[in-house]
């Protein structure tokens, strides 16, 4: 049995584990360039308070050696959680200030993001650049456990020689970051430090599907819903006109309109402020998603939403993204947080480090998937499933922004969560 798992409907990300609502941030630390004096001089980062010992001239970044090092929205405000780091993160260094709850100084490492110097080290290395997304859109390489299960070891030295530290069930998925040889066998290291023989695993084959940019003509395209003569499923076609249940997709080519899936134009909900705010529209009827800037659609794709049912449906309504995570484990092994139902309903599953997770309706999220290619049909346990490249794109499109070196981030006053409407 897999150990230390959370249910698919329970986010697993340290300090956010029990949080279910958008947090009421009130303090905004917006300045990177600060006015230094009445004479109009400007302090370039890294800055320090007047009279304080300046930061070393060699310091270029802030290094977090431990995963899930917490960041806060203001110095000394431990009640205002903002983000957590990845292991070995190197964050930008904008300045320092004294504050409570820190023996050293509070370091300014991002928009409304501060970390106590006791928890990190100054570094002469530059901050991390933007994360590079692999061509398949995934942040890690994923494997599925084979039909006979797999053995996990805490160290490569013991792998395959001693009794395993962990046994993984068939069908479970792991995310890996490293691969090495030992005694003629190949082992991979999971994101959680477990070594597994690749002969007990099968490589995931993520979908190559991706959505479409919306040009000046608007939502004039469609996807072929089912193979027809001359057209493959999910082929993109331009719809020139529709009448009598037929769609013209060429100079003289007509096709049954029911064989197409078209994204639909929608007006912004009242929660969208201004004509440039970004937001997401999910249409359950067509299994499509459209990303907007104000009233202008900019991107559209096919999704897989929740299967009909009390516990697996995707809820209609208008929400805001309340937390974003680079990845989160999802399974149905542990108890379900929202009620007292038994944990096991249907086949057991565990998907480690599901990528690009954006929770918007309690524990319902937009996220990438590497285990199916059924976009355009309902498939999920309630979340909105996205093809990997679409998930990466939308993760970068929405707020709050997850900068390099961060594992999770909450919205703030200056960096709110993007509106997601499900209809």
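Across the stretch 263-422, Cα pairs under 8 Å and at least six residues apart give a relative contact order of 29 percent. For residue 423 and residue 311, what is the calculated FRET efficiency with R₀ set at 22 Å and r taken between the beta-carbons, to the nearest 0.05? Result of the calculation: an efficiency of 0.60.
Segment residue 103..residue 298, full-extension length gain: 65.4 nm, with 0.36 nm per residue of separation and the alpha-carbon distance subtracted. Exposure proxy shown here: for 324, 362, 147, 246, the number of other Cβ atoms within 10 Å sets the order, fewest to most, as 147, 246, 362, 324. Judged by the mean number of other Cβ atoms found within 10 Å, the most tightly packed of the peptides 230-236, 80-86 leads the ranking 80-86, 230-236.
The gain in end-to-end length when the residue 241 to residue 44 segment is fully stretched comes to 65.2 nm, 0.36 nm per residue minus the alpha carbon separation.
The mean sequence distance of close C-alpha pairs (under 8 Å, at least 6 residues apart), as a share of the length of the chain, puts its relative contact order at 18 percent. Each part reduced to its alpha carbon centroid, the stretch 78-121 and the stretch 193-218 end up 34 Å apart. Between 262, 105, 273, the residue with the greatest mean-square fluctuation in the GNM of the chain (Cα pairs under 10 Å linked by springs) is 273. Using a Gaussian network model of the chain whose springs link C-alpha atoms within less than 10 Å, name the residue from 229, 191, 180 with the highest mean-square fluctuation. Taking springs between Cα atoms under 10 Å, the residue moving most is 229.
With neighbour counts taken as other beta-carbon atoms within 10 Å, the residues 328, 123, 155, 304 rank, fewest first, as 155, 123, 304, 328.
Each Cα pair under 8 Å and six or more residues apart adds its separation to the average, and for the stretch 220-262 the resulting relative contact order is 38 percent.
Extending 7 Å from the Cα toward the beta-carbon at both residue 178 and residue 377 defines two label points whose distance is 4.1 nm.
For the pair the stretch 220-288 and the stretch 345-393, the centres of their Cα atoms are 22 angstrom apart.
Using the Cα gyration tensor of the chain, with a ≥ b ≥ c the square roots of its eigenvalues, what is the shape: rounded (a/c below 1.5), prolate (a/b larger than b/c) or oblate (neither)?
oblate
Computed packing ranks the peptides 221-228, 113-120 as 113-120, 221-228, most packed first, by mean other Cβ atoms within 10 Å. Sorted fewest first by neighbouring Cβ atoms within 10 angstrom, 156, 111 come out as 156, 111. Note on the chain: with a GNM built from Cα contacts shorter than 10 Å, the maximum mean-square fluctuation among 355, 54, 270 falls on 270. Per-residue ellipticity at 222 nm, computed for the chain from helices alone with -39500 (n - 2.57) per DSSP H run of at least four residues, works out to -500 deg cm²/dmol.
Throughout, read-outs are computed from the coordinates displayed, never taken from laboratory work. From a predicted model like this one, the values you see are computed outputs, not experimental measurements. Please note: Cβ atoms are built from the backbone with ideal geometry, for glycine as well, and neighbour counts cover all protein chains shown.
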